[in-house]
Structures are given as C-alpha cells and as structure tokens.
Amino acid sequence: MLLPEPMSRIVIAGSKSNLDEAIDALYGLKMIHLIDHTVGSDEGFSIGAPRPYVGKTSERLLSLRAVEKELGINFDSENDEEMSVGEVRAKISSNSVEAIGGEVFKVLDRRNAVAQKMAEETARRDDLRKISGIPVDLELYRGYDSLAVAVGSVKADPSAALAGIDSELFMSGGETKKESNRVIALFVKKADKEAALRLLADFEFSEIAVPAGTGPAAAAAAESETKIASMKAEVDEAEKELAALKEKHGTDIIALDEELSIEERKGSTPLRIATSEYSFIIDAWVPTAKVAAVLSGMDKAMGGKIFVESQEDRSRSLHDVEHAEPRFKETPTKMKNGAYATNFEYPVKLLSPPKYHEIDPTIILSIFFPLFFGFMVGDIGYAIPFMILGAYGLKTAKSKDFKAIATILFFGGLWAFVFGFFFYAEMFGMHFIGAAGADGITVDGTAVTWQSLLGVTFPDWFSGIFPDDGHGISKLHAVTFLLKISIYIGIIHILIGYIVGFINVKMQHGFKEAFFEKGGWMLSFLGVVALCWGMTEILIFENGFEGMVLIMFIVGIALIVAGAATTMKKEGGAAIMELPGLMGNILSYARLTAIGMSKAGMALAFNYLGLVMFATEVGGVMGIVCGALILIVGHLMIFTLAILSAGLHSLRLQYVEMMSKFFGGGGKEYEPLEIKRKNTKIVETEV
Amino acid sequence: MVDVGVGMIAVGAGLAVGLAGIGTGLGQQDVGAAAVGAITEDMSLFGKCIVLIVLPETIVIFGLVVAILCMFVLPGMA
C-alpha cells in the first residue's frame, strides 16, 4: 500500500498488417504505458511511420480547426449530448468535414470580399466628404493639358503665401477653431506646381487623392453612403448566415474534432514503437496485477494474430536495474492509494511524483497533514465552517487545485473539530468547558466538564496527563505543555521519516547500505532527543544531574557518537556539521504551538474588543452593533489566515522536516494509452 | 513597587521574537523573490520553491522558543 503499484515490462510483437487493429486494442485496454523506442536499440528495427490515413486526418483536422476559429467555437467545449462514434465516423467518411468547410468558407469568402469593398468605399466616401466644401465638380479636377491640381488639407490659410504664383485657390473649412479640416484645391500651371507645393509644405499640406466621379462631391458622398449601407447589410447577412451555420454544425464540429483528434493520435502511435519491414515490436509497462488481463485482453481482441509476453516483473532494487537497457531503466510510477489517501496525492506531486523505487509518502501525508492543521486551528468555531466549505468544495470543485484545497479544509476541519472539542474545548477563542470558580461555564452551579458533557468518568491517570487550568487546555496559558506535546509529535514525525528512509535504502541497496546511510542518522537523532531531554530537565526544571537524567545523558552522547561514526563512514566528516540541524528539525515543530497561540491571541483580542469594550462598556444599540461588526470581521480574518498559516505550515513540516529524510522524487508518472471521449460515445452494436 | 525583573524578561522575550523575525525576513526576501521568478517560468517548481522559501523560517521559531522559555519558565525559576 505504501509503495507505488508494482510494474511489469511486456513486449508485444506482430505483423505490420495487423498494426491498426493492435493499436485499437492497446488503447482499448487502457493499461499500456508505452516505452518509446530509441533509434538503434534493436537491430533491424527503426521507429515506425505514422499510419497512411493520418495525412488525410490531419488535413481534415486542420481545416476543421480553421472553421472552428472562424465560427468562434472552442474545441475544448462540451456538447450536451454525446454522438455515437459510428455516426461520427460515417460523417467523416462521407466527407462531412469538407462539406462543412465548403459551406462555411463560401459564406466567409463572400463576407470578406464585401467587407474589403466596403473598406475601400468608406475611404472614398471620407475623401469625398473632405472636399465636399469646395465648389468644384469632380470631373473638373482632372483632364487638363497645362493645368496641375493639388488637393489636400492644410493647417492654415495659404492664400497670402501663394499670391506670387499665378493660380486659382479654392478653400473650405477653417472657420471653426479646428484648423485641421481646412481643405484647399489649388489650380496652377504645370510649370509652377513644384514651386507651389514647396510653399504649401510650410502649411503642412497633405494631399488627398480626388476620387473619380462626376458632379458635386457632396452628392457623390451621399451616393457612396448608400452603397456602404447596402454593403453593410450584405456583411450583416453573411454574419447571420455564419451564426446559423455555427448553430447548425456546432455540435457536429465538436464531435468531428474529437474523433479526428483521436484518429490522429492513434495513427501517430507508430512513431513511438519499433517496426521492421513486415513486423512491429512494442515495449510497454503494465501494472503487474494487470499482466494477465492484458494478455487475455490482447488475445481476445486480436486472436492468435499477435504475440504478447511478460518480460520481467520489475523489482525495487536498484542493483537489478543497473544492467538494464537505458530505455528500460526508468519505471513509471502509478501511485496506489485508497479512496481517502488519493486526495493527498496532489501535495506530493506538487513537490514531485515519487520514484518507482521508493515509498510513496502520500499515506503518511494524508495522516499528518490534516492532523497538524487541526492541531493548529483547534477551535470548533472555525472547524465547522471549514468542514462545510471543504465538503462543498469536494462535491463541486472540478479543478485539481481547488479539490486539493477542499480536501485539506474538510479533513483538517475534522481534526480541528476533534481537537477543538476534546482537547482545547474552544469555540471562537472561548472555552466552553470549565471548572467552578474558573472562567468556565457553570450549569446549575456545577461546572461543565468533559466528564459531565460526555457522561463518562475518566480514570485518574488519564486526567493527570493534562494540565488543570480549570477549563480546556488553553493555547495561551498551557504553553509549556503544548510545546512539549508539539516536540513529541515532531520526534515521532521525524522518526517516521527516518524509518521510511531506512526502508527505502534497504529496498534499493540492501541492509548494509541502509544502516550506514540512514541508520547512522537515526541513531544520532535519538541521541540528540535523549540529550535534549536531559538538558531540559537540568536547565529548565532544575533537576539534579543524577538518576534518569544521568542515564539519558550517557545514552544520548553514546548514540550521537555511534551515529556520527556510522554516518561519517559513508558521508565523510562534513556530516558532523549537520548534527545541530537535527535539533533545529525538532524545534521546528514548536510552530504547532505558535500558530495555535497566535490564533487564540487574536481571537482573545477581538472577543475583548467586541464583547467587553463595545457591547458592555460602551453599551446601547451602537455599542452592540459595533461589537458584533468587530467580532464578525475579526473572526473572519482569523478564519482566512488559518487556511494560509495552518495549511502552509503544516505542509512545510511534511515537506521539509519529514519528507527530506527519505523522499527522492523525480519519478515519471504512469500514463497509459487511453482515449477520453467527452462528446462522442461508443455504441456497442456499431463497433 | 513594580518588579523590574519581570519587565526585563518581557523585553527579552520581545527582542528574541522580533530580532529573529527580522532575520527570517531578510533570509526569505531573497529566496522568495527568486522563487517567484522561477515559478513564473515553470509552475512545476512550486513544491520545491516552497521548501526553499520556508527554510529560513526555522530561525524565527528558535526565537519563539526562547521567548516562550523567557515568559513561562524563567519566572518560575526566579
């Protein structure tokens, strides 16, 4: 359960004439993880070529994607109803893609042509409008032998400057402040044109090409306007037709796209396998438990036309892998976790998927991640909303990220409830369990205790474990107690990390290696723990250097020396430098208390502000409203911060303190060949 | 008469957490900036970056432990 699914390598061989059938069968099994063939790894074999039909399929897919783009269809979208594969295939073979493409592009071409003309006509109309103020008919602008005409816009009135040149100047516009709409038409002798243009340059003359036509420019502009309107109607008509086509073919297009993509994928599969002139060989990984199913499945699909054989059951030892061919060295990882733990694969993959040869930390993570989260939050006032939010998220969330967050919220909330109710007895920072005389609650003069609440009597030794503050364990007062618990949790957590590390190395290299690589560290770690315990007893609790303390001291030092010696043999002297880090690792768990404390402190502050200062001391409606507002905003803030701080710190303890003790990561995920259909479905009777 | 000793203990605890916090902040600012850059280029580095970012955090935890010892253990010893 802790290890990834065991894998076996199989080889499939057959005649090339059956390749299409074989590819269909492989995809149908959904268990085959292909090993890419590398050039030169098998004599006489080379990488296969795509199936002959792929060319046509790609062409169709390309044209379909172009149609989708023009019609604004997203090929990832989903149809309401799935179309049967038989129907889709019939459509493809009856040239449906080409027909749709033809229909769409016919309208599209028409629309584009009209739109192009419309753009030209609009430019013509704009020019006509500009010169419409000049009282010269359009035909009079051209056709002279000795006269040159310059028409354009100027920034200021150029008539004074042009006085020296024999010319006729017409001008329009410029009456308003906006000088840019001043347009001139200058009729000048051809010989003087150069000189005139040079003069006009000072007025930022910019030429307008006079459109062809007859009669006044204003009339021509009006006529042009009508033309544009009719063209616009044509374009709109075409757009409408396109929309109708989208409506008509939309579902077909999405279904066709899916089927063509699948065909293309299947048809390109030979690029990953080895083929010779008449045969093909496929190497693949299959979960060991599924080998029999694959053998019988292939046999059923292909009859005797194919040869399938299991080559090896891959062991976890790295020695066995050493001599394997390079392409067979890496085994894909298929994480194998139960319904509950599967939810926690995401945070592990966030770091890196585990390798095939190591323990998958998901299960350990799935226990401690929510546990730590709950320990830090530890308040039923926040736990219940967490659970509701998490449950809602788990039910509705589609994206992997949100699902992961919902998971931690729900299970973390569950633990927060357990801790909040049975351990801290806290709700929104207030204790609901308390002994008489303390600040706890009393009902009919007797204190509310767990014993009265649950109707059980705890044995003395059990009650004796917890500090008696008169109420549930206070995050703000029982700090030393909580700190102690945090450290103990940390020691267990880290030890689990070391044990898993030991198992990993033992599995990969054998017991001796494991002892030198991880065993040494484990001894040192236990030594540090013993020594720290002894030091705490002496320095903080002022116990004498005798009895149990003395024993722990000696044991601790002995373990550290033995551990360091073992480790040094493997890793060299530098390993000693790492020893103080062990204490850092343990102390890091103090954050379990710290985060809880910070939350309780904030809750206390808001409760005091809201309940005591505003609601009681200020009083009145205003006081109560303000107090309530402060409580709502404050607790909402703590609630949000809890997700971030408790969630991230809990994750950090897993990643850094525990997983760094054993986790290598960098595995390749198991990705079997399979076809996921969203918009098409296989109907048994057809296929 | 105000007990100056208790006050000094509180000041010490505050310094322990505060200074350690500054240290952690200084450590994390560089790592954080670099990590954000790395994640922008390759989202799959997120997990590894988180590990790197939170490494300096241990320092502030040390400060906190010292502060807690100051606040809760020292007065008992006196």
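Rundown of residues vs (1) away from every other protein chain (no Cβ under 14 Å); (2) surrounded by 19 or more Cβ atoms within 10 Å (Cβ to Cβ); (3) touching a residue at least 60 places away in the same chain (Cβ under 8 Å), yes/no style:
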residue: A:641; (1), (2), (3): yes, no, no
residue: A:655; (1), (2), (3): no, yes, yes
residue: A:661; (1), (2), (3): no, yes, yes
residue: A:671; (1), (2), (3): yes, no, yes
residue: A:677; (1), (2), (3): yes, no, yes
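Within the stretch A:244-272, the set of residues being within 32 Å of the chain's Cα centre (by Cα), aliphatic (A, V, I, L, M) and open to solvent by 40 Å² or more (accessible area, probe 1.4 Å) comprises A:271 only. Consider the stretch B:18-67 and keep the residues that are acidic (Asp, Glu) and in a helix (DSSP H, G or I). The one that is nearest to residue A:663 (Cα to Cα) is B:57. Screening residue A:224 against (1) surrounded by fewer than 16 Cβ atoms within 10 Å (Cβ to Cβ); (2) touching a residue at least 60 places away in the same chain (Cβ under 8 Å); (3) of a type in the set (S, T, N, Q) leaves a single unmet condition, (1). For the stretch A:352-367, a residue qualifies if it is crowded, with 22+ Cβ neighbours inside 10 Å and within 18 Å of residue A:650 (Cα to Cα), and the qualifying residues are A:361, A:362, A:364, A:365, A:366. The residues listed here are A:300, A:246, A:290, A:240; of these, the one that is of a type outside the set (Val, Ile, Thr) and in contact with a helix residue (DSSP H, G or I) (Cβ under 6 Å, 6 or more places away or on another chain) is A:246.
Quick check on residue B:6: is it more than 20 Å from residue A:648 (Cα to Cα), assigned to a helix (DSSP H, G or I) and within 10 Å of chain A (Cβ to nearest Cβ)? So residue B:6 does not fit the description; no.
Only residues that are surrounded by 13 or more Cβ atoms within 10 Å (Cβ to Cβ) and either of a type in the set (S, T, N, Q) or assigned to a helix (DSSP H, G or I) (or both): list them for the stretch A:78-97, please. Across the stretch A:78-97, the qualifying residues are A:79, A:84, A:85, A:86, A:87, A:88, A:89, A:91, A:92, A:96, A:97.
Applying the criterion of being over 17 Å from the mean Cα position of the chain (by Cα) and open to solvent by 70 Å² or more (accessible area, probe 1.4 Å) to the residues of the stretch B:35-71, the residue that is nearest to the other protein chains (Cβ to nearest Cβ) is B:48. The single condition among (1) surrounded by fewer than 18 Cβ atoms within 10 Å (Cβ to Cβ); (2) within 10 Å of chain A (Cβ to nearest Cβ); (3) hydrophobic (A, V, I, L, M, F, W, C) that residue B:11 does not meet is (2). Among the residues of the stretch A:583-598, those that are more than 9 Å from chain B (Cβ to nearest Cβ), in contact (Cβ under 8 Å) with a residue 60 or more places away in the chain and of a type outside the set (Val, Ile, Thr) comprise A:592, A:596. When the stretch A:1-48 is limited to residues that are within 15 Å of residue A:309 (Cα to Cα), among the β-branched types (Val, Ile, Thr) and more than 31 Å from the chain's Cα centre (by Cα), the one that is surrounded by the fewest Cβ atoms within 10 Å (Cβ to Cβ) turns out to be A:11.
Do you know which residues across the stretch A:309-344 are within 14 Å of chain B (Cβ to nearest Cβ) and either modelled with pLDDT under 85 or surrounded by fewer than 20 Cβ atoms within 10 Å (Cβ to Cβ) (or both)?
Scanning the stretch A:309-344 gives no hits.
In the stretch A:529-540, is there at least one residue being touching a residue at least 40 places away in the same chain (Cβ under 8 Å) and hydrophobic (A, V, I, L, M, F, W, C)? Taking every residue of the stretch A:529-540 in turn, at least one turns out to be touching a residue at least 40 places away in the same chain (Cβ under 8 Å) and hydrophobic (A, V, I, L, M, F, W, C). Check the stretch A:542-562 and report whether any residue there is within 14 Å of chain B (Cβ to nearest Cβ), over 23 Å from residue A:517 (Cα atoms) and free of Cβ contacts under 8 Å to residues at least 24 places away in the same chain. Scanning the stretch A:542-562 turns up at least one residue that is within 14 Å of chain B (Cβ to nearest Cβ), over 23 Å from residue A:517 (Cα atoms) and free of Cβ contacts under 8 Å to residues at least 24 places away in the same chain.
Hey, could you check the stretch A:230-243 for residues that are under 49 Å from the mean Cα position of the chain (by Cα) and of a type outside the set (Asp, Glu) and say which is most open to solvent (accessible area, probe 1.4 Å)?
A:240
Cβ-Cβ distances below 6 Å connect the following pairs, each with a first residue in the stretch A:273-290 that is touching a residue at least 40 places away in the same chain (Cβ under 8 Å) and open to solvent by 20 Å² or more (accessible area, probe 1.4 Å), a second residue that is part of a loop (DSSP other than H, G, I, E, B) and aromatic (Phe, Trp, Tyr), and a separation of six or more residues or different chains: A:276/A:45.
Determine, yes or no, whether residue A:298 is surrounded by 23 or more Cβ atoms within 10 Å (Cβ to Cβ) and at pLDDT below 90. Yes; evaluated as a whole, the condition is true for this residue.
The values are calculated or read from the model by the stated rules, or taken from the named source; none is laboratory data. Here the structure is a predicted model, which means the values were calculated and not measured. Methodologically, a virtual Cβ is constructed for each residue, glycine included, from the backbone with ideal geometry; neighbour enumeration extends over all protein chains shown. We work out accessible area using only protein heavy atoms, side chains counted, and drop any ligands, DNA or RNA first. Shrake-Rupley method; radii C 1.70, N 1.55, O 1.52, S 1.80 Å.
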